[in-house]
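Worksheet for the structure shown next.
The values are calculated or read from the model by the stated rules, or taken from the named source; none is laboratory data. Computed from a predicted model, the values in this text were never measured in an experiment. Using ideal geometry, Cβ is built from the backbone for each residue, glycine included, and neighbour counts are taken over all protein chains shown. Surface areas here come from the heavy atoms of the whole protein model, side chains and all, with no ligands, DNA or RNA. Shrake-Rupley method; radii C 1.70, N 1.55, O 1.52, S 1.80 Å.
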Amino acid sequence: MRFKQLKNGYRYNSDSMILLDFASKQKPKMEVLDVGCGCGIVGIGLKKKYPNINLDLLDIQECNITLCEENLKLNSMNAKTFLCDFKDFNTEKKYDFIVSNPPFYRYGAQKGENTHQNISKFADNLKLEDFIARANSLLKPRGKLCFCYESLAIEEIACLLKKYKIKLTALQFIHTRKDQKARLLMILAQKSSKNFCEILEPFIVYEDNVFSQQMLQVYNEFKVESDDL
């Protein structure tokens, strides 16, 4: 896959690739929505692996939607794009699978001067409850929600999923190194599920200051190249 992305904006990174790997293992089908799609790395990656899905890409920033449309052409794919705040996204359509790398930096964290990065990273642009509530209203009766978030928010995530009656069905903890605390979570939740929550093998990004075998396997599977704009 090949992607254009902004040289001086928010860029896809190892977190994006881990989310793509995690989401792809859920074998999404039919109607799929990528929320806060950025340059489209996750949604387009899923479409590459599962070409029969009907993909929609949504982002609040016009430059990201422009990037997505260019990257769809680069990868010879078709999908619908929506320039919209997710909280205000109104559609008659219901989704089988919603995937997202939502903004999760907390209030009080130091913001930089780059507006594009700030909108993509900080939770005041899409609060966690607003995200889960809107996803709930857009999912089909047994639809799945797949997203990543900071590990410190695990209690809040569990409470909000319970509030909106979406069952937490899988968790994966992401560690920069195996001797460090988890910094990120991969979350899978499903409406009308009676399954217990499965705790998956931890994902370690680095070993001895180089990418771990887990991380290398992800990059080798999806084979992503990028061009800066």
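Accessible area per residue of the chain at 1.4 Å probe, in Å²? Each step should come with its number before you reach the end.
Working: 11890 Å² over 229 residues.
Here the residues of the chain average 52 Å² of exposed surface.
For Leu188, what accessible area in Å² do you get when you roll a 1.4 Å probe over the heavy atoms of the protein chains, rounding to the nearest 10? Roughly 10 Å² of Leu188 is accessible to a 1.4 Å probe. If you take the square roots of the eigenvalues of the alpha-carbon gyration tensor of segment 6-80 and sort them as a ≥ b ≥ c, do you get rounded (a/c under 1.5), prolate (a/b over b/c) or oblate? Note, shape of segment 6-80 comes out oblate. For the chain, what class follows from the C-alpha gyration tensor (a ≥ b ≥ c being the square roots of its eigenvalues): rounded when a/c is under 1.5, otherwise prolate if a/b is larger than b/c, else oblate? Rounded is the answer for the chain, as its axis ratio a/c remains below 1.5. Here the chain exposes an accessible surface that is 50 percent carbon and sulfur, computed with a 1.4 Å probe and the other protein chains kept in place.
When the dipole is taken about the Cα centre of segment 116-217, and only Lys, Arg (+1) and Asp, Glu (-1) are charged at their Cβ, what size is it in debye, to the nearest 20?
660 debye
Among Cys63, Cys148, Cys37, the residue with the largest mean-square fluctuation in a Gaussian network model of the chain, with springs joining Cα atoms closer than 10 Å, is Cys63.
Too long at a 29 Å Cα-Cα cut-off: which of Lys48/Lys162; Lys49/Lys162; Lys25/Lys162; Lys140/Lys178?
On the way: Lys48/Lys162 33 Å; Lys49/Lys162 31 Å; Lys25/Lys162 24 Å; Lys140/Lys178 37 Å.
Those over the limit are Lys48/Lys162; Lys49/Lys162; Lys140/Lys178.
For Leu188, neighbours were defined as the other residues whose beta-carbon sits under 10 Å from its Cβ, and their charges (Lys and Arg +1, Asp and Glu -1) total +2. Taking amide H as placed 1.01 Å from N in the peptide plane, the amide H of Ala170 sits under 5 Å from that of Leu188, Glu198, each at least 5 places away or on another chain. Each other residue within a Cβ distance under 15 Å of Phe211 adds +1 if Lys or Arg and -1 if Asp or Glu, for a net charge of -2.
Here the Karplus curve 6.51 cos²θ - 1.76 cosθ + 1.60, taken at θ = phi - 60°, turns the phi angles of segment 148-153 into couplings of 10, 7, 5, 5, 5, 9 Hz, with x standing for Gly and Pro.
Positive-end ranking of Ile204, Tyr164, Leu6 along the dipole of the chain, with charges on Cβ about the Cα centre, is headed by Tyr164.
Charges were assigned to the Cβ only: +1 to each Lys and Arg, -1 to each Asp and Glu. The resulting dipole of the chain about its Cα centre is roughly 820 debye.
Residues Asp228, Asp34 ordered from highest to lowest accessible area at a 1.4 Å probe: Asp228, Asp34.
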